[in-house]
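Trainee: Here it is, the structure in full.
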Amino acid sequence: MFSILVNSLKTGIVTEDRPFDARPPFGFPVIDFTRCTLCEECARSCPTGAIHIGTTAPGQRTLALSYGSCIQCRECVSACPDDAVSAGRATEVAAYTRAQLTQAAAFDVDPVTGRCTFRQIEVQPGPSLEESASRLRERIEGRLGRSLHVRQVDAGSCNGCELEIAATTNPFFDLERFGIHFVASPRHADLLLVTGPVTRNMEIALQKTYEAAPDPRVVVAVGACGCSGGIFGEGTYAAIGGVDRVLPVDVYVPGCPPRPQAILNGLLVAMGIREARLKPESAPV
């Protein structure tokens, strides 16, 4: 016992003072729309369809990137011949709706050459970040304060997200310093942290867990699978898809799996302490 205490004193404090400032070497892809020629190589290389190219009108096309479906595989970064797609470093990517996880841009098509040139960033329909945050704050009415009790629910995860969730409790990230605690029963929980595509065998169990949690219950979907069904898709023989197919989701935390910083950010966004930041630093406005 004495040797353990001595080693602890020698090690000192290892908790990161500013966990959101530690930028990982790879995050979500960032598209520089001004350099993009809409060659479609990124969309063809994407295994989950997170990058979508469509035609809105004659002479106009759109390119959309959904972080909700992105598994951060880097295939689009390697495939882009114009170096318009790069590896981002953002970890504060939590959002209140699926639409807020999507970045889109409009392009004009030259009728002679067929070359596409960037025109403008497309604004996604639905409430803004500020409006969504206000609605969530009104619903919980400040009852969470600066303390949050979390019940984690695995609705069909591969366990990758669970590993990252467990990492938030280690001495480096130390989520309890933010007043966040995991509990064993949904009856004691303020928030349900749900991972995985909702499998058909877990649908009823997930619904009952939600019903057992007291109001105002908050739901956070974690990971690409929880946000959109991920690589498993939606409406298959085994899985229903994203968590919002079964429960009303208040906050989405994308990633495959999301890093501990991103999960912490999502929980703090749910508490109303931090605002979600969706636009990568290098994306044009």
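The values are calculated or read from the model by the stated rules, or taken from the named source; none is laboratory data. Because the structure is predicted, anything quoted here is derived from the model rather than measured. FYI the Cβ positions are ideal-geometry reconstructions off the backbone, even for glycines, and counts take in every protein chain you see. Accessible surface areas use protein heavy atoms only, side chains included; no ligands, DNA or RNA. Shrake-Rupley method; radii C 1.70, N 1.55, O 1.52, S 1.80 Å.
Trainee: Please find, among PHE182, PHE172, the residue that is surrounded by fewer than 21 Cβ atoms within 10 Å (Cβ to Cβ), modelled with pLDDT under 95 and over 19 Å from ARG139 (Cβ atoms). Outline the logic, then answer.
Mentor: Working: PHE182 fails: modelled with pLDDT under 95.
When all the criteria are applied, what remains is PHE172.
Trainee: Residue check, GLU75 against (1) more than 27 Å from TYR252 (Cα to Cα); (2) of a type in the set (D, E, K, R); (3) touching a helix residue (DSSP H, G or I) at 6+ places or on another chain (Cβ under 7 Å), all met but one. Which one?
Mentor: For GLU75, the exception is condition (1).
For (1) in a helix (DSSP H, G or I); (2) of a type in the set (A, V, I, L, M, F, W, C); (3) assigned by TED's automatic domain parsing to the domain that holds TYR67, each residue gets a yes or a no:
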| residue | (1), (2), (3) |
| --- | --- |
| LEU192 | no, yes, no |
| ILE204 | yes, yes, no |
| ILE240 | no, yes, no |
| GLN261 | yes, no, no |
| LEU268 | yes, yes, no |
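Trainee: Now, a different point. Does ALA238 satisfy the condition of being out of contact with any Pro (no Cβ under 6 Å at 6 or more places or on another chain), surrounded by fewer than 22 Cβ atoms within 10 Å (Cβ to Cβ), free of Cβ contacts under 8 Å to residues at least 12 places away in the same chain and of a type in the set (A, V, I, L, M, F, W, C)?
Mentor: no
Trainee: Another question about this same structure. Checking the conditions here, which among ARG187, ARG259 is charged (D, E, K, R), in contact with a helix residue (DSSP H, G or I) (Cβ under 6 Å, 6 or more places away or on another chain) and surrounded by fewer than 24 Cβ atoms within 10 Å (Cβ to Cβ)?
Mentor: After applying the criteria, what remains is ARG187.
Trainee: Would you mind finding the one in THR113, THR34, THR55 that is assigned to a strand (DSSP E or B) and either within 29 Å of LEU136 (Cα to Cα) or not assigned by TED's automatic domain parsing to the domain that holds LEU264 (or both)?
Mentor: Sole residue among the options that is assigned to a strand (DSSP E or B) and either within 29 Å of LEU136 (Cα to Cα) or not assigned by TED's automatic domain parsing to the domain that holds LEU264 (or both): THR55.
Trainee: Same structure again: Given the options VAL150, VAL85, VAL109, name the one that is surrounded by 13 or more Cβ atoms within 10 Å (Cβ to Cβ), hydrophobic (A, V, I, L, M, F, W, C) and either free of Cβ contacts under 8 Å to residues at least 40 places away in the same chain or under 17 Å from VAL251 (Cα atoms) (or both).
Mentor: Just one listed residue meets the conditions, VAL150.
Trainee: Regarding region 25-38, can at least one residue be identified that is at negative phi, among the aliphatic types (A, V, I, L, M), modelled with pLDDT under 90 and surrounded by 14 or more Cβ atoms within 10 Å (Cβ to Cβ)? Working first, answer last.
Mentor: Taking region 25-38 as the starting set, the residues that turn out to be at negative phi are 25-37.
Among the residues that remain, those that are also among the aliphatic types (A, V, I, L, M) are: 30-31.
Next cut, modelled with pLDDT under 90 only: none.
No: region 25-38 contains no residue that is at negative phi, among the aliphatic types (A, V, I, L, M), modelled with pLDDT under 90 and surrounded by 14 or more Cβ atoms within 10 Å (Cβ to Cβ).
Trainee: Tell me, yes or no, whether region 212-234 has at least one residue that is open to solvent by 40 Å² or more (accessible area, probe 1.4 Å) and at pLDDT 95 or above.
Mentor: no
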